[in-house]
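Right, one structure below, let's go through it.
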Amino acid sequence: MISLLFVTARGLFPMQGALGTYDLLASCLAEQSYTEAEVLVVDKENVLPRPELEFATRKTSGGVRFLRPRPTPWTRMGAFAPNAARNTALCWARGQTVVAIDDCFVFGPHFLARIAALAERSEYAVPLLSQADNSVAYPERPAGLFPANAYAGGILAYPLEAAIAINGMDERFDGGSCGDIDFFARLRLHMQATSTGRFVSDPGVAVVGYGHGGRTLAHPRCERLGWFLAQRRWERTLCANEPWSAAELETWVTCGRELTPRVCTLSGAPCDYHEPEPEAVGAIRTAYEAQAFFNLAEERKKNGLT
């Protein structure tokens, strides 16, 4: 079975523009030729059932479940916290293969069927990506880590077993960004080390993006910082989601704070995008210090899953 993870909070964070989030997803799900699937929706704004999704998934074996993101210091400060949201879905996922999809992308009727076929031979798709209006600039990726013309991490197919082995998403990246980059790097390292599969690009697995409103996906400094941390883990062949070193944490706190104006604002501290006030730095550091270590395997046991 495939577990489709769908994370959103568009009503609270409309930076990508007002968009019929569930309408897009429902139309894609209703057309799927593959039905051995479940849909896990994590919406910070709403956990009430959505009739359009329930109708669209009526033929799937697993139906749809609506979840609220697990609480962390970042969610309490008002941040979107996509890594905690994706971990929430992983705590409940039952499919052998997980497919993560962002809320502004659409996919064709054989999207899940092709992913399932690839997974049968231990190949996991990094969807090929394009924009409906060509409005988004995708930052260049270092050669060798990501397939060409693909945006891995937030939109990705991978084995659930591997995600559990590396302890899911690292929620400390919710203080800035690039948690998806780190997740993909650790997944790939683990799968290579254990010979449990490989990532591929396949023409039958593609998505089209809508609604970014002309913005780039990531601030260049955020991209560089994410690559810095991912590369350090890559060089040290760290697959597990282990605690950061003191140097890594200090780098993330001092640089990542410049990428969290909304967190700073909601914490009550004044924060300019490039020149944060000392109060904002303190708020960010406090959130890191208060963040408990997430254990995906233990959380799944609480839900009766292995």
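Where a number appears in this text, it was derived from the coordinates with a stated rule and is not lab data. These numbers come from a predicted model, not from an experiment. Because the Cβ atoms are built from the backbone with ideal geometry, glycine has one as well, and the counts that use them run over all protein chains shown.
Quick notes
- Taking amide H positions as modeled 1.01 Å from N, with prolines and chain starts lacking one, the residues under 5 Å from A125 and 5 or more places away or on another chain are A157, V200.
- Put simply, when 179-185, 29-35, 108-114 are sorted by average Cβ atoms within 10 angstrom per residue, most first, you get 179-185, 108-114, 29-35.
- Whole-Hz couplings from phi, Karplus 6.51/-1.76/1.60, listed for the range 63-74; x for Gly and Pro: x, 10, 10, 10, 10, 9, x, 5, x, 9, x, 6
- Cα-Cα P(r), the range 1-124, percent of pairs per 5 Å interval: 2, 11, 22, 24, 20, 12, 7, 2, 0
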